[in-house]
Amino acid sequence: MIEDVLEPDLPIIDPHHHLWDFTPVQSAARESSHPFGAIMKQSPRYLFDELLRDCRHSGHNVIGTVFLQCGAFYRADGPPEMKPVGEVEFVNGVAAQAASGIYGPFHACIGIVGQADLTLGPAVGAVLDAEIAAGNGRFRGIRHIGAHDADSDVLGPLGHAPAALYADATFREGFAELGKRGLTFDAWVLEPQIPEVTALARAFPEQPIVLDHVGTPLGLGIYAGRHDDRFATWKAAIEELSTCPNVTIKLGGLAMPFCKLGELGPETRTTAERLAELFRPYVETSIAAFGARRAMFESNFPVDRWGADYATLWNAFKLIAQGASADEKRDLFAGAAARFYKVEDLLG
């Protein structure tokens, strides 16, 4: 059943989506029995046409988006550390396609978040400079994934970051290069690792950091069926992180398989009301801790297609936010993202 779109005129900046094409690539991850393998089978191709369909044909007023690194379209040749520049080059082309105006008032990839290996230490500066040039004014920062868990069933075929990556001295030397260039940092870690982001934020109090996916509550492997038991620990970590004024939080990612909330999965299409019920404890806790000015709803598409379609997902967010003031909604759906990624011009 297709639901009516709620508040169809509310401006949205989707601050977290990917672009990729796995169709010509044979991937062990794609064939994995882990739920993330199912995501790759479900959405092997997600490029401008698919993004346009979701953002502009869903009925929601998505006026712009921010692309998040996903390891796609890296350069095939050249120094290994420079290969991620290819992703920025590709996404800048997509942004230029949208900026032509022939697809309507839709600014896809107006902000680009790439990847650079911060464990290069100060030498990563050359990579960042190349990405700034490749982004043609759209490059905003990087995400260096820190997600790690001792239980291999949690992340499955995804590459695991080393334990305690964000505390590594050489990583932090590379991290310092972001601030020299006015760049942002997206942190993706898992629920037990949230304190690692807090420590990083306190060590670099001037560096803008955003925590992806409300810290990724877990429901796979040793965490299966333990959401209620672990909620208080997650909540305490989120509240402690919120005391760092340089940190913002993304409200989404909860339809991913890692979270395994409720009955969500590719074979189940549920209602916005049900999604809101599942997401509300995490989203409302995060907003209460950070405030609307430091919290932004995100689609995390196509990864979150695992548990929801695009239109229903944003309806669920709107149901959760229905008690917010007009100013708070403006922040949650567009303003916080516009400020963090410096795309305020989208809001006039």
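Residue count for segment 135-146 under the criterion of being in contact (Cβ under 8 Å) with a residue 24 or more places away in the chain and surrounded by fewer than 21 Cβ atoms within 10 Å (Cβ to Cβ): the result is 3.
When segment 110-119 is examined, which residues are found to be assigned to a helix (DSSP H, G or I) and more than 11 Å from Phe175 (Cβ to Cβ)?
First, the residues of segment 110-119 that are assigned to a helix (DSSP H, G or I): 118-119.
Of everything in segment 110-119, nothing turns out to be assigned to a helix (DSSP H, G or I) and more than 11 Å from Phe175 (Cβ to Cβ).
Taking the numbered list (1) open to solvent by 40 Å² or more (accessible area, probe 1.4 Å); (2) assigned to a helix (DSSP H, G or I); (3) among the aliphatic types (A, V, I, L, M) in turn, Ala176 passes all entries but (1).
Applying a threshold of 6 Å to beta carbon distances and a minimum spacing of six or more residues, or different chains, the list of pairs starting in segment 93-107 at a residue that is within 13 Å of Arg56 (Cα to Cα) and assigned to a loop (DSSP other than H, G, I, E, B) and ending at one that is of a type outside the set (Ser, Thr, Tyr) and at pLDDT below 95 reads Phe106/Arg56.
I need the full set of residues from segment 229-274 which are buried (at least 16 other Cβ atoms within 10 Å of the Cβ), among the hydroxyl-bearing types (Ser, Thr, Tyr) and either free of Cβ contacts under 8 Å to residues at least 60 places away in the same chain or closer than 12 Å to Gly215 by Cβ (or both), in order please. Residues satisfying the conditions are Ser242, Thr270.
Checking Gly37, Gly71 one by one, the residue that is at pLDDT 90 or above and not in a strand (DSSP E or B) is Gly71 and no other.
The rows are residues; the columns are (1) of a type outside the set (Val, Ile, Thr); (2) surrounded by fewer than 21 Cβ atoms within 10 Å (Cβ to Cβ); (3) farther than 23 Å from Arg339 by Cβ.
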| residue | (1), (2), (3) |
| --- | --- |
| Ala276 | yes, yes, yes |
| Ala292 | yes, yes, no |
| Glu298 | yes, no, no |
| Val303 | no, no, yes |
| Trp314 | yes, no, no |
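Out of Ala164, Ala147, one residue alone is out of contact with any Phe, Trp or Tyr (no Cβ under 8 Å at 6 or more places or on another chain) and of a type in the set (A, V, I, L, M, F, W, C). It is Ala164.
The values are calculated or read from the model by the stated rules, or taken from the named source; none is laboratory data. This structure is a prediction, so every number in the text was calculated from the model and none was measured. Positions of Cβ are backbone-derived with ideal geometry, glycine not excepted, and every protein chain shown enters the neighbour counts. Note: areas computed on protein heavy atoms with side chains; ligands, DNA, RNA excluded. Shrake-Rupley method; radii C 1.70, N 1.55, O 1.52, S 1.80 Å.
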